[in-house]
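Below is one structure; the comments refer to it alone.
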Amino acid sequence: MQNNTTCINCGAQTQGKFCHECGQSLQVKRITLRSMLAELKDKVFGLDSRFVRTLAHGFTKPGVVARCYIEGNRKRYLGPLAYFLLMTTIYLLYINYASIDFEAYAERTAEDLYGYEQNPARLEAQKDLLKKSAKSTRLLYALNALLVALPLWLLFRKKISFLESVMASVYLSAQSIVLAVISLVVFTMGAATASTVISLLPFIFAGWLAATMFTQKASLRNFFLGLLSSFLSLVLAVFISMFLAFFAALLLGDAFFELLGIEGVIQDQSD
């Protein structure tokens with residue numbers, strides 16, 4: 001048995017290597033270069049191991065990541081909110097310092113998805129929309145998490161609560177940001193078509209999350225239910241956007257389209 005030791009942080013009488021009240025190390029020694037390097041290794045690689053594990057398993061078994069957090073294991077992976085904030089920060093830093101050509105990105109995306117070249121007015125509106133979206137990344141992806149959470153909960157409400165569904169969806173949104181970063185990196189490397197394909201993968205990830213979240217082995221039935229939840233969230237987002245746009249246009253008139261910077265598109269279509 002070890003003798004009781006008084007914690008230098010909280011004053012509790014405790015035994016072992018760490019205080020049972022506050023977690024303070026009880027084996028404190030004078031500062032040396034070796035102790036500083038050891039602490040740096042523990043802090044940096046301790047975070048990195050959880051981050052890398054969360055990032056990797058977010059692709060291979062996202063449902064397991066979410067289930068671990070929901071069931072109370074808060075050590076194995078980064079929490080959903082911390083992971084979400086970290087990934088949005090990385091995304092914004094990349095956007096700010098990589099000099100993304102949003103005009104070229106919008107033009108190539110339209111060609112890959114729809115098979116036509118954008119007319120100048122529509123291209124300018126889409127470019128502006130992409131820029132505004134980039135500046136509101138956290139808000140847009142947070143709203144996306146809520147939109148995904150509702151149908152996911154409705155389809156699996158016997159297995160998870162709504163708040164648990166929200167936490168799972170926050171993990172999903174964070175992983176979607178990872179894909180957005182990869183898509184932009186691939187685009188800057190000149191592989192525009194591959195970039196478009198990567199940007200569409202988040203719609204499938206909801207299915208993969210559901211497939212690996214509720215059973216030990218991936219469930220094909222849950223995968224398709226997850227895809228359905230992704231589709232329903234998209235329908236819900238379109239409905240809400242149309243509803244808000246209708247009332248905004250009703251109240252503001254032409255000023256609404258000028259605010260969005262799409263008055264040129266409307267005029268072009270009418271001609």
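Observations on the structure shown:
- Filtered by the rule that a residue be of a type in the set (Gly, Ala, Ser), within 26 Å of residue 226 (Cα to Cα) and modelled with pLDDT under 80, region 176-207 gives 194, 195, 199.
- For residue 188, the conditions (1) in contact with a helix residue (DSSP H, G or I) (Cβ under 8 Å, 6 or more places away or on another chain); (2) surrounded by fewer than 19 Cβ atoms within 10 Å (Cβ to Cβ); (3) in contact (Cβ under 8 Å) with a residue 12 or more places away in the chain are fulfilled apart from (1).
- Residue within region 41-59 that is touching a strand residue (DSSP E or B) at 6+ places or on another chain (Cβ under 9 Å) and at pLDDT 65 or above present: no
- Residue match in region 25-36 (condition: under 37 Å from the mean Cα position of the chain (by Cα) and at pLDDT 70 or above): yes
- Residues that are of a type in the set (S, T, N, Q), more than 24 Å from residue 207 (Cβ to Cβ) and modelled with pLDDT of 85 or more do occur in region 79-96.
- Test: residue in region 158-168 that is under 26 Å from residue 240 (Cα atoms), at pLDDT 90 or above and among the polar types (S, T, N, Q): yes
- Subset of region 47-85 [in a helix (DSSP H, G or I), of a type in the set (S, T, N, Q) and surrounded by fewer than 22 Cβ atoms within 10 Å (Cβ to Cβ)]: 49, 60
The values are calculated or read from the model by the stated rules, or taken from the named source; none is laboratory data. No experiment lies behind these values; they were computed from the predicted model shown. Quick reminder, even Gly has a Cβ in these numbers, built from the backbone with ideal geometry, and neighbours come from all protein chains shown.
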